[in-house]
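Everything below concerns the one structure shown next.
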Amino acid sequence: MLKSHKPTSPGVRQLIQVKAKLSKNRPEKKLAFFSFRKNGRGGACGRITVRHKGGGHKKLYRVIDFKRNKFNIPAKVVSIEYDPNRNCFINLLNYQDGEKRYIIAPEGLQVGDQVVSGESVELKIGNRLPLSKIPVGTQVHDIELRPGSGGILVRSAGSAAQVLSTEGEYAQLKMPSGEVRMVKMNCLATVGQVSNSEFGARVLSKAGRSRWLGIRPTVRGSAMNPVDHPHGGGEGRAPIGLRRGPKTPWGKQARGVKTRLRKKPSRIFILQRRK
């Protein structure tokens, strides 16, 4: 549910937030730790590898259970919580043996519901099954690429993949991007859609709110000098010149270029490329 605010100040005039019933308790102590911000820097030399990142509020990292490998042990949903490290919500599960774990919250799962992982469990939202046990047409998320490796596909807010077929050794899945790819039948997937589907409709309304999230300003290349960007320079508002199309700051083509490696081994599992 989206929530707008009365324009009591310029900072909330355009503000639109996602309103949800979330727990106000602090995160589970054993499942949260402080992680130093990398500010978009990677490698041993500390160079910026992802631009426009830096600053932001301090935050604790919540350890998410992407494997869900406690099979046939029911778990009760204790709370639905906000996670500053991802755009979807998370659920705190309390297993019957007393262990607690965080999982990505599916859409529609409420506090007090029970979820379970296994081969012969009921097909309902939040349960985790092998793709061989999931009927065609079902929406799934948090999908494994290799059995036992943990879910790495379809984890962002509001996303879901659809099972197109389950024949032979591989299942065919239609990804949120439109790509159709094959995944092994014994890989696990969670039934349902990822929570916080209205995330894309929110409006931050002011630059400061982006800075709290660790997002730094993005400057147009045409506003830079020629030494900083291929689009820079010129008197007034100048076009990009005699180039065929827009360029990156490093002189490479910016739009309409396929970036996937042609010799990537997993290309044989993609039946239809994304649109």
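The values are calculated or read from the model by the stated rules, or taken from the named source; none is laboratory data. Since this is a predicted model, take the numbers as computed values, not measurements. Counting neighbours? That spans all protein chains shown, and the Cβs are built from the backbone with ideal geometry, glycine included.
Miscellaneous remarks
- Pick from region 83-133, criterion buried (at least 16 other Cβ atoms within 10 Å of the Cβ) and among the hydroxyl-bearing types (Ser, Thr, Tyr), ranking: nearest to Ala189 (Cα to Cα): Ser117
- Answer from Glu169, Glu144 - the residue that is among the acidic types (Asp, Glu) and surrounded by 15 or more Cβ atoms within 10 Å (Cβ to Cβ): Glu144
- Just one of the listed residues (Ile143, Ile152, Ile104) is out of contact with any strand residue (DSSP E or B) (no Cβ under 7 Å at 6 or more places or on another chain) and modelled with pLDDT of 95 or more, namely Ile152.
- Lone unmet requirement of (1) touching an Asp or Glu at 6+ places or on another chain (Cβ under 7 Å); (2) more than 23 Å from Lys38 (Cα to Cα); (3) surrounded by 15 or more Cβ atoms within 10 Å (Cβ to Cβ) for Ile80: (1)
- Residue match in region 63-70 (condition: closer than 27 Å to Val121 by Cα, part of a strand (DSSP E or B) and in contact with a strand residue (DSSP E or B) (Cβ under 7 Å, 6 or more places away or on another chain)): yes
- Identity of the residue in region 234-248, over 10 Å from Ser222 (Cα atoms) and surrounded by 12 or more Cβ atoms within 10 Å (Cβ to Cβ), that ends up farthest from the chain's Cα centre (by Cα): Arg243
- When each of Lys24, Lys3, Lys38, Lys30 is tested for being part of a strand (DSSP E or B) and either of a type outside the set (Gly, Ala, Ser) or at pLDDT below 95 (or both), the lone residue that passes is Lys3.
- Every pair of residues 6+ apart whose Cβ atoms lie under 6 Å, when the first sits in region 115-139 and is touching a residue at least 24 places away in the same chain (Cβ under 8 Å) while the second is among the basic types (Lys, Arg) and in a loop (DSSP other than H, G, I, E, B): Ser117/Arg68; Arg128/Arg68
- Region 231-275, residues that are closer than 19 Å to Val50 by Cα, in contact with a Pro (Cβ under 9 Å, 6 or more places away or on another chain) and in a loop (DSSP other than H, G, I, E, B): Thr248, Pro249, Trp250, Gly251, Ala254, Arg255
- Unmet criterion (only one of (1) farther than 30 Å from Pro147 by Cβ; (2) surrounded by fewer than 16 Cβ atoms within 10 Å (Cβ to Cβ)) for Asn69: (1)
- Residue satisfying all of: in region 6-21; part of a loop (DSSP other than H, G, I, E, B) and in contact (Cβ under 8 Å) with a residue 60 or more places away in the chain; farthest from Leu204 (Cα to Cα) among these: Ala20
- Of the residues Gly158, Gly151, the single one that is at positive phi, within 26 Å of the chain's Cα centre (by Cα) and of a type outside the set (A, V, I, L, M, F, W, C) is Gly158.
- Test result for Val50, of a type in the set (A, V, I, L, M, F, W, C) and surrounded by 12 or more Cβ atoms within 10 Å (Cβ to Cβ): no
- Boolean, Leu22 is surrounded by 14 or more Cβ atoms within 10 Å (Cβ to Cβ) and farther than 28 Å from Asn186 by Cα: yes
- When Val257 is tested against (1) surrounded by 10 or more Cβ atoms within 10 Å (Cβ to Cβ); (2) out of contact with any strand residue (DSSP E or B) (no Cβ under 9 Å at 6 or more places or on another chain), only condition (1) is not met.
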